[in-house]
Structure formats: structure tokens, C-alpha cells
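Scroll down for the structure; my scribbles are underneath it.
The values are calculated or read from the model by the stated rules, or taken from the named source; none is laboratory data. Note that the structure is predicted; figures quoted are calculated from it, not measured. Using ideal geometry, Cβ is built from the backbone for each residue, glycine included, and neighbour counts are taken over all protein chains shown.
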């Protein structure tokens, strides 16, 4: 019962996704697993309602581009320099060890050498999209283990490109060694040119351009979406993946003050478009080819779910990271990627694999993606149970984390919302008293002015709950709003309560009546700027009057 009308097909996808998501929520199951299951149900293996149309693939590609773009926004150059070495070492080390061990397991299970090699390579790649989505939902992309995980996932994506080039050259026969060497050289040259172009744009164009676009929030968001898609296109055209291109597009504006606002505004659109990726992934799984592969799939799945994290933990422990960081980062490689399925399809088209081996890789993907989703979502309780047995993965002194200093970023005693005249004067007074202050304002000119004066400032809109969620609330003792709009302050209070903020809140208003309303809503302190200033001025005048001889003011 294949639906030909695209609009009806999209409607069926959205409707059944809502039903599947609601059922998963009721059963306390991850939404990602529910969406993949909906894709399987809608695909050719079950109801055959949805085919793999170019339009659905387009929506999925846009979602992937925005996902990696937002991740790139979170990683400025300082963070990349800090986590780069461990990301490179753990990424390449995991690929090497997983390939070797997976190949041996394949031979022991009776696979041919070529099939065993394909399966082993397929086991090495983890799903950047799924992992980053889970880390984003848990708000752990900015954590140390999240940054390291994103780093070695990008390394894996680059390795995928090189493997694809090598297999294609090998499948064509003839002068494959010359072809492979030339393609690898071209990739290196293109990569160098792409990084140079990003560096020049970051230095000379993007700060100037964003400062002018920021006067219109709508135009800034449109530019961000266009920049993410153009970055993905550039990465694809240059021989890299769309993920690498979109990630670099995000990195290119990560050092600007606009990144928090852009990231916050893109979250809802990203999640909507990513739905089509999970649906497409589920619909692409051919369950009919998996029946005879359950035993081999179980063995390979156990290796991916347990062996891959242990390999990453061993590498990170050797490099001086704590066992907790290694464990949480290691869990992110406990599944195989959608690239693994593409690799299997490539092997089938080249005549290297039969349909049974493709079914084996597909089944391993389905098992590991489903199980690892739970492992990542419940990573902290899982670590608490296993921590006593993980001491062998940690040096006596975890010197690397002591040196990195990543955990102290973003700390502020006071979060100040609004840098108008009242807010700017308050910021100056608080700073003079030695307070650690982080300010947020929606006026790009005010943001630039205070940045030049040495303040820590984010560009953002207080109406956006996603922006509030991105602020360092856990380290802040006060959140102070100098905005005098009742609805804005009510929305801010609601967003802080949703985030479980434990500190104190000060809000501003223009009348005593509204002040009482804000106190009842949960504000710890209400400021009435004109009334407070007038009372303070009157008190000072009165004190001066009483202290002056003959009742004269001094």
C-alpha cells in the first residue's frame, strides 16, 4: 500500500511518529528507538507505506547539517586545541583495534576473508548523528567527555571517506594503488584548503557580517541555516562527508558572541528535520535478509557494545584521563553507524559481499543502535554501578584533566539579563565589587561595546527558553533581569523553574503592583529602578540636609 502522494506520505510519517513517540514516552523508552521503529513499520519490511524518496532524504540531510552545525557552534578554537590530541588518538586507535579484533572474530565465525574485512571495518564506525543527538538531549555536548566524543567521531567520519575511496579504487581493479594514492593526496590537499578558507572567513569576514545581520533576528537565523547547508555542500563536493562540512561551518562562527542565540533558535528546527533521518534509517533496514544471522550478529553486537568502549577507555586512561571521563566517552562508540550500512551496500554493488553479509551488518546496526541508546541515556547510573571495577583504566594521577581546565569554563556568580542604561550601570557596579558576571543582551551594538570593555557577554533573547537552558545556571547564585516587561519576566521565571534552577532570582518592574505579582510568582528580589533610585536620592538629600549647618545643602 505504497503512498505515492508526497504530502500524504509526510502526513502519515508525522502522525505515526507522534503516536509512536507518545507510546514510547508512556513506556519510558527513548524517542530515537521509537522513531526508528516507526520507520521500520512504515518501510518495505512491514506496511510498505513509505518509500525512500528523494524528498525525505533531503529533509534528513538538512537535519544532519543543522545537527552538526550546532555542535560546531559549541566548539571554539581553544576547546579544539585542548581535546584535539585525545580525539585523534582515541579515534584512530579505536578504528585500528576494532578492525583487527573484528576481523579475527569474523574469521572464527566462518566468514570469508573479504567478508570478514568488510564486517570488521563496518564495526569501527559510530553514528555521529545519533550520538550527538543523545548528548544534546542530555546537555552533555559541552562536557569534557562530550567534546572528546564529538572530536573522535569527526575523526571517524574522515576515516570513512578514505575507506570508501580505497574500496572503490580496489573494486575498479587496474592501477588501484596509483588511483588510491592520488585520491588520498587530493583529499589531503582539499582538506588543507578547506581549513584555510574557514580560518580566513573567521578572521576577516564572518565577525563583520554577523554584527550587521544581528540587527534582525530573522535574518540572522536565515543566514545560520544557509551557512550550515552551504558548509555541508562544500564538505560533500570536496570529497568529505556533509557532517564534516556542516561541523566546520559551525566552528567558523563558534568564537562569536552570537553562537548561543543561533544554537538556541535552531534546536526545534533541527529536531523536526532529524525525525526524517531516523524514519529513513528505519525504513532502509531490510529485515527479510536477517533471519539466519542471529548468532553471528549477537557475537558482533556484544563486541561493539562492550569491546569498543573498553578500547576507548584504555586509550584515554593511558593518556591520563579519569576513568569516569573514559567510560562516558567510550559509551558513545557502542554502536555502528549508518555509514556501516552504506559500506555494506557498496560492498554488495562491487561484488565483494553477498546479501547474507549485508543482512548481518544491518542486524548488528539495529541491535547496537537500540541498546547503546539506553546505555548513553543511563550512562551515569551505569557508571555508578561499574565504577569499582574500572580502576584499571585510570592512572594514579589523572594529570590530563588537571591540566585541561575545561571544567571551569562559563562560571559566573551572577547572570545579568539586559544591558540597557540600568543594566549597564548595575554591571559596572557589580564588576567593581569583584563579582564574576555574565551578561546577556539582544542588542548587537551593546554586546560589542561591553565586549570591548572586557565584560563576558552573550548575544541572546531572554524570551528563548533554549537560550536560558544553555547558560551556566548551576554555577550561578543570582539571575538578575533588568528588563521591565512583565510577560518577559514571567517567561524567564518559568524557564528557570523548568531547568530546576536552585539559585535566587531578581526581576525589575515599573510599578509596585507588578512587583507584588512577581514576588508571588517566585522572585526573590524585585527592583523598581526609578522608584528605588528616587528613594535613594531622597535619602541622600535628606541625610545631607540634616548634616549641613543652618539647614544648607553641601
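Matching residues to (1) crowded, with 16+ Cβ neighbours inside 10 Å; (2) more than 13 Å from residue 423 (Cβ to Cβ); (3) assigned by TED's automatic domain parsing to the domain that holds residue 143:
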residue	(1), (2), (3)
441	yes, no, no
464	yes, yes, no
477	no, yes, no
496	yes, yes, no
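Among the candidates 460, 420, single out the residue that is surrounded by 20 or more Cβ atoms within 10 Å (Cβ to Cβ) and either assigned by TED's automatic domain parsing to the domain that holds residue 221 or in contact (Cβ under 8 Å) with a residue 60 or more places away in the chain (or both). I'd like the intermediate steps shown before the answer.
Values: 420 fails: surrounded by 20 or more Cβ atoms within 10 Å (Cβ to Cβ).
Answer to the check: 460.
Residues checked against (1) under 14 Å from residue 337 (Cβ atoms); (2) modelled with pLDDT of 80 or more; (3) surrounded by fewer than 21 Cβ atoms within 10 Å (Cβ to Cβ); (4) not assigned by TED's automatic domain parsing to the domain that holds residue 470:
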position: 115; (1), (2), (3), (4): no, yes, no, yes
position: 119; (1), (2), (3), (4): yes, yes, no, yes
position: 127; (1), (2), (3), (4): yes, yes, no, yes
position: 137; (1), (2), (3), (4): no, yes, yes, yes
position: 140; (1), (2), (3), (4): no, yes, yes, yes
position: 151; (1), (2), (3), (4): no, yes, no, yes
position: 167; (1), (2), (3), (4): no, no, yes, yes
position: 172; (1), (2), (3), (4): no, no, yes, yes
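Within region 229-244, the set of residues being over 15 Å from residue 150 (Cβ atoms) and assigned to a helix (DSSP H, G or I) comprises 229, 230, 231, 232, 233, 234, 235, 236, 237, 242.
Looking only at region 205-218, filter to residues that are over 14 Å from residue 447 (Cα atoms) and over 24 Å from the mean Cα position of the chain (by Cα); which one of those is surrounded by the most Cβ atoms within 10 Å (Cβ to Cβ)? Across region 205-218, the extreme among qualifying residues is 209. Every test in (1) modelled with pLDDT of 90 or more; (2) in the same structural domain as residue 331 (by TED's automatic domain parsing) is passed by residue 17 save one, and that test is (2).
What residue, of 365, 330, is on the phi < 0 side of the Ramachandran plot, surrounded by 24 or more Cβ atoms within 10 Å (Cβ to Cβ) and without any contact (Cβ under 8 Å) to a residue 40 or more places away in the chain? Talk me through it step by step, then tell me what you get.
Values: 365 fails: without any contact (Cβ under 8 Å) to a residue 40 or more places away in the chain.
The unique qualifying residue is 330.
Based on what the data block shows, is residue 180 at pLDDT below 85 and either in a helix (DSSP H, G or I) or over 20 Å from residue 264 (Cα atoms) (or both)? Yes. Considered as a group, the residues in region 472-521 that are under 20 Å from residue 260 (Cβ atoms), in a loop (DSSP other than H, G, I, E, B) and free of Cβ contacts under 8 Å to residues at least 60 places away in the same chain include one that is farthest from the chain's Cα centre (by Cα), and that residue is 503. Go through (1) surrounded by fewer than 20 Cβ atoms within 10 Å (Cβ to Cβ); (2) more than 25 Å from residue 327 (Cβ to Cβ); (3) modelled with pLDDT of 80 or more for residue 72 and report which single condition fails. That leaves (1) as the condition not met. Annotation note: of 428, 448, the sole residue that is outside any loop (DSSP other than H, G, I, E, B), farther than 13 Å from residue 417 by Cα, touching a residue at least 24 places away in the same chain (Cβ under 8 Å) and not assigned by TED's automatic domain parsing to the domain that holds residue 218 is 448. Taken across region 303-324, residues that are under 25 Å from the mean Cα position of the chain (by Cα), part of a helix (DSSP H, G or I), farther than 20 Å from residue 152 by Cβ and modelled with pLDDT under 90 do not occur at all.
So if I check each of 302, 248, 281, 348, which one is on the phi < 0 side of the Ramachandran plot, without any contact (Cβ under 8 Å) to a residue 40 or more places away in the chain and either surrounded by 20 or more Cβ atoms within 10 Å (Cβ to Cβ) or touching a helix residue (DSSP H, G or I) at 6+ places or on another chain (Cβ under 7 Å) (or both)? Write out each step before concluding.
Values: 302 fails: either surrounded by 20 or more Cβ atoms within 10 Å (Cβ to Cβ) or touching a helix residue (DSSP H, G or I) at 6+ places or on another chain (Cβ under 7 Å) (or both); 248 fails: without any contact (Cβ under 8 Å) to a residue 40 or more places away in the chain; 281 fails: without any contact (Cβ under 8 Å) to a residue 40 or more places away in the chain.
Among 302, 248, 281, 348, only 348 is on the phi < 0 side of the Ramachandran plot, without any contact (Cβ under 8 Å) to a residue 40 or more places away in the chain and either surrounded by 20 or more Cβ atoms within 10 Å (Cβ to Cβ) or touching a helix residue (DSSP H, G or I) at 6+ places or on another chain (Cβ under 7 Å) (or both).
Residues considered: 490, 481. Of these, the only one that is in contact with a strand residue (DSSP E or B) (Cβ under 8 Å, 6 or more places away or on another chain) and at pLDDT 75 or above is 481.
Tell me, please, whether a residue that is under 25 Å from residue 212 (Cα atoms) and either under 22 Å from the mean Cα position of the chain (by Cα) or modelled with pLDDT under 85 (or both) can be found in region 238-245.
Initial filter on region 238-245 (under 25 Å from residue 212 (Cα atoms)): 245.
If we keep only those that are either under 22 Å from the mean Cα position of the chain (by Cα) or modelled with pLDDT under 85 (or both) too, we end up with 245.
Yes, region 238-245 contains at least one residue that is under 25 Å from residue 212 (Cα atoms) and either under 22 Å from the mean Cα position of the chain (by Cα) or modelled with pLDDT under 85 (or both).
Applying a threshold of 8 Å to beta carbon distances and a minimum spacing of six or more residues, or different chains, the list of pairs starting in region 49-68 at a residue that is not assigned by TED's automatic domain parsing to the domain that holds residue 245 and modelled with pLDDT of 85 or more and ending at one that is surrounded by 24 or more Cβ atoms within 10 Å (Cβ to Cβ) and assigned to a helix (DSSP H, G or I) is empty. All conditions but one from (1) in contact (Cβ under 8 Å) with a residue 24 or more places away in the chain; (2) over 30 Å from residue 111 (Cα atoms) apply to residue 389; the one that does not is (1).
Rundown of residues vs (1) assigned by TED's automatic domain parsing to the domain that holds residue 446; (2) in contact with a strand residue (DSSP E or B) (Cβ under 7 Å, 6 or more places away or on another chain); (3) surrounded by 12 or more Cβ atoms within 10 Å (Cβ to Cβ); (4) more than 16 Å from residue 249 (Cβ to Cβ), yes/no style:
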site: 189; (1), (2), (3), (4): no, no, no, yes
site: 197; (1), (2), (3), (4): no, no, yes, no
site: 220; (1), (2), (3), (4): no, no, yes, no
site: 226; (1), (2), (3), (4): no, no, no, no
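Of the residues making up region 9-27, just one is touching a residue at least 60 places away in the same chain (Cβ under 8 Å) and closer than 21 Å to residue 374 by Cα, namely 17.
In region 405-412, is there at least one residue being in contact with a strand residue (DSSP E or B) (Cβ under 9 Å, 6 or more places away or on another chain), modelled with pLDDT of 80 or more and surrounded by 12 or more Cβ atoms within 10 Å (Cβ to Cβ)?
Restricting attention to region 405-412, the residues satisfying the condition of being in contact with a strand residue (DSSP E or B) (Cβ under 9 Å, 6 or more places away or on another chain) are 410-412.
Okay, now just the ones that are also modelled with pLDDT of 80 or more, so none.
For region 405-412, residues in contact with a strand residue (DSSP E or B) (Cβ under 9 Å, 6 or more places away or on another chain), modelled with pLDDT of 80 or more and surrounded by 12 or more Cβ atoms within 10 Å (Cβ to Cβ): absent.
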